[in-house]
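The values are calculated or read from the model by the stated rules, or taken from the named source; none is laboratory data. Worth saying up front: this structure is predicted, and the values here are computed from it rather than measured. In this analysis, Cβ positions are derived from the backbone assuming ideal geometry, glycine residues included, and neighbour counts consider all displayed protein chains.
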Amino acid sequence: METVHVIATGGSLDKFYSLYNSNFEVGEPQVMHIFKDAVVNFDYVIDSVLRKDSLDLTDDDRALILENVRRSPHRHILITHGTDTMTKTGMVLQAAQLDKVIVLTGAMQPAEFRHSDAPFNVGCAVAALQTAPTGVYIAMSGLVLPPDKIRKNYETKRFEPI
């Protein structure tokens, strides 16, 4: 596989509990630790573009994410993103019709939590990058679907097809 360009934007995947502030904050990209623990056999670069909860993302933030994807010399783009507005960002990327394979993923629980879905979701996203045709996809809850074919179900705490 060609080099994977990871664009980290924040979200629960990158959150940690701050003892100093007694709340959750978005920290450094955790995907680097997930890749290290998994002993992956592909090259990757990681750019931390934003460190925000996805509910705080603006249209300008989405434009910044799109610009980073456009400027990337790599064809395989993995975007770590908060789950609440992941599909919205995916739709912006889908509308741009780029000649790349772009997969957005995240986690319902921070990666540093023992029972986080982060490693599984990141693994599914990497598999999708290797097998999916050009386009934009969301890899969550064991599904890999275009952003207009998937949604977050807050009751079941997982993503489901539309």
Out of (1) within 27 Å of T58 (Cβ to Cβ); (2) within 14 Å of the chain's Cα centre (by Cα), the odd one out for A127 is which? (1)
Any residue in region 75-97 that is at negative phi sitting within a Cβ distance under 9 Å of a residue that is hydroxyl-bearing (S, T, Y) and surrounded by fewer than 17 Cβ atoms within 10 Å (Cβ to Cβ)? List the pairs, counting only those 6 or more apart or interchain. R75/T3; R75/T134; H76/T3
Counting only residues in region 130-150 that are within 15 Å of the chain's Cα centre (by Cα) and in a loop (DSSP other than H, G, I, E, B), the one farthest from Q30 (Cα to Cα) is identified as P146
Of all residues in region 36-70, which are in a helix (DSSP H, G or I), within 21 Å of A118 (Cβ to Cβ) and of a type in the set (A, V, I, L, M)? A38, L55, I65
Scan region 72-80 and give yes if some residue there is β-branched (V, I, T), buried (at least 22 other Cβ atoms within 10 Å of the Cβ) and more than 15 Å from G135 (Cα to Cα), otherwise no. yes
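Given the criteria among the charged types (D, E, K, R), out of contact with any helix residue (DSSP H, G or I) (no Cβ under 9 Å at 6 or more places or on another chain) and over 17 Å from A139 (Cβ atoms), does R51 qualify? First the steps, then the outcome.
Values: among the charged types (D, E, K, R): yes; out of contact with any helix residue (DSSP H, G or I) (no Cβ under 9 Å at 6 or more places or on another chain): no; over 17 Å from A139 (Cβ atoms): yes.
No.
Pick out the one residue from Y20, Y44 that is among the hydroxyl-bearing types (S, T, Y) and surrounded by 14 or more Cβ atoms within 10 Å (Cβ to Cβ). Working first, answer last.
Details: Y20 fails: surrounded by 14 or more Cβ atoms within 10 Å (Cβ to Cβ).
Unique residue meeting the criteria: Y44.
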What are the residues in region 100-116 that are part of a strand (DSSP E or B) and among the acidic types (D, E), if any? none
Given the options V101, V122, name the one that is hydrophobic (A, V, I, L, M, F, W, C), closer than 23 Å to E28 by Cα and touching a strand residue (DSSP E or B) at 6+ places or on another chain (Cβ under 7 Å). V122
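Please go through region 81-91 and pick out each residue that is in a helix (DSSP H, G or I) and crowded, with 17+ Cβ neighbours inside 10 Å. Can you show your working first?
First, the residues of region 81-91 that are in a helix (DSSP H, G or I): 86-91.
Listed by number, the residues that qualify are M86, T87, T89, G90.
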Just for region 37-65: of the residues that are at pLDDT 95 or above and polar (S, T, N, Q), which one is farthest from G90 (Cα to Cα)? N41
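Table: residues versus (1) closer than 16 Å to I102 by Cβ; (2) among the aliphatic types (A, V, I, L, M).
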site	(1), (2)
T3	yes, no
P29	no, no
F35	no, no
V39	no, yes
Y44	yes, no
P73	yes, no
H76	yes, no
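So, of the residues in region 114-155 that are basic (K, R) and modelled with pLDDT of 95 or more, which turns out to be surrounded by the fewest Cβ atoms within 10 Å (Cβ to Cβ)?
Initial filter on region 114-155 (basic (K, R)): 114, 149, 151-152.
Keeping just the survivors that are modelled with pLDDT of 95 or more gives 149, 151-152.
Numbers: K149: 12, R151: 16, K152: 19.
The residue in question is K149.
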